[in-house]
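Remarks on the structure that follows.
What follows draws every value from the coordinates through simple rules; no lab data is involved. In this text the structure is predicted, and so the values were computed from the model without any measurement. With ideal geometry, Cβ positions are generated from the backbone for all residues, glycine too; neighbour counts draw on all protein chains shown.
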Amino acid sequence: MALRLTVNGETHSLDIEADTPLLWVLRDELGLPGTKFGCGAGLCGACTVHLNGQPVRSCSTPVEMAADGEVTTIEGLGSGDRLHALQQAWIDHGVPQCGYCQSGQIMSAAHLLATNPSPARDEIVAAMTGNLCRCGTYSRIIAAVESVAAGEKPAQEEA
């Protein structure tokens, strides 16, 4: 099936089965490895991307649902060589351990801040609940999101 898919602002024409998971199209067809395969059932959040501004689990989203839509992956979150504020906060707060879940975590946090720029701590916790971190860096994740919401300058800019 021929589909048009816009990912990170670039439109692609693909001849692919309509029920192929979006995750595999992003990784295997478009060469965007930042979105990770975690559970394959949409439960862990490692594969979270934005589809038309909404977070979705790309492992359980058929590519046909994204046709003619706008997909944003972790690779499209920043601009050029500049990291998104959340990506920098992740570094500044030492969030990643293994790093596997981090792209999905950041994409969920980005959606939260896009819809609620000043979330309370309990709102951050609630928004991030669907993203699992096997390394248990939840307190650092919350601190990173809080720092961006508070408008704190990244460590690289303070020097």
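If I measure Cβ to Cβ between cysteines in the chain, which ones have no partner under 4.7 Å?
Cysteines lacking a close Cβ partner in the chain: Cys98, Cys101, Cys133, Cys135.
Using alpha carbons only, how many degrees (0 to 90, rounded to 10) separate the axis of helix 138-149 from the longest principal axis of the chain?
Computed tilt is about 90 degrees.
Relative to the compact globular guide of 2.2 N^0.38 Å, what is the alpha carbon radius of gyration of the range 51-122, as a ratio?
1.19
Would you compute, from DSSP H runs of 4+ residues alone, the mean residue ellipticity of the chain at 222 nm, taking -39500 (n - 2.57) per run and dividing by the full residue count, rounded to the nearest 500?
-8500 deg cm²/dmol
Fewest Cβ neighbours within 10 Å first, please rank Ser147, Ser60, Ser139 accordingly.
Neighbour counts put them in this order, fewest first: Ser139, Ser60, Ser147.
What would the Debye formula give as log10 I(q)/I(0) at q = 0.25 Å⁻¹ for the alpha-carbon point model of the range 16-94, no solvent?
-1.23
With an 8 Å cut-off on Cα pairs and a minimum separation of 6 or more residues, tell me the relative contact order of the range 2-76 in percent.
40 percent
Quick one: which residues, 5 or more positions from His84 or on another chain, have an amide H under 5 Å from its amide H? H modelled 1.01 Å from N in the peptide plane, none for Pro or chain starts.
Answer set, sorted by chain and number: Gly78, Ser79.
Where the convex hull is taken over the Cα atoms of the chain, what is its projected area averaged over directions, in nm²?
9.0 nm²
Using only Cα atoms, what Kirkwood radius does the range 85-152 have, in angstroms?
About 11.5 Å for the range 85-152.
What ranking of Thr35, Thr115 emerges when the number of other C-beta atoms within 10 Å of each C-beta is taken as an exposure proxy, fewest first?
Thr115, Thr35
What is the set of long-range amide H partners of Glu70 at a cut-off below 5 Å, with H atoms built 1.01 Å from backbone N?
The answer is Asn52.
Using the Karplus equation 6.51 cos²θ - 1.76 cosθ + 1.60 (θ = phi - 60°), what ³J(HN,Hα) coupling, rounded to whole Hz, does each residue of the range 12-29 give in order, writing x for Gly and Pro?
Listing the rounded values in order: 10, 9, 10, 10, 8, 4, 4, 8, 5, x, 3, 3, 6, 5, 4, 6, 8, 8 Hz.
For the chain, what does the relative contact order come out to in percent, with C-alpha contacts under 8 Å and a separation of six or more?
23 percent
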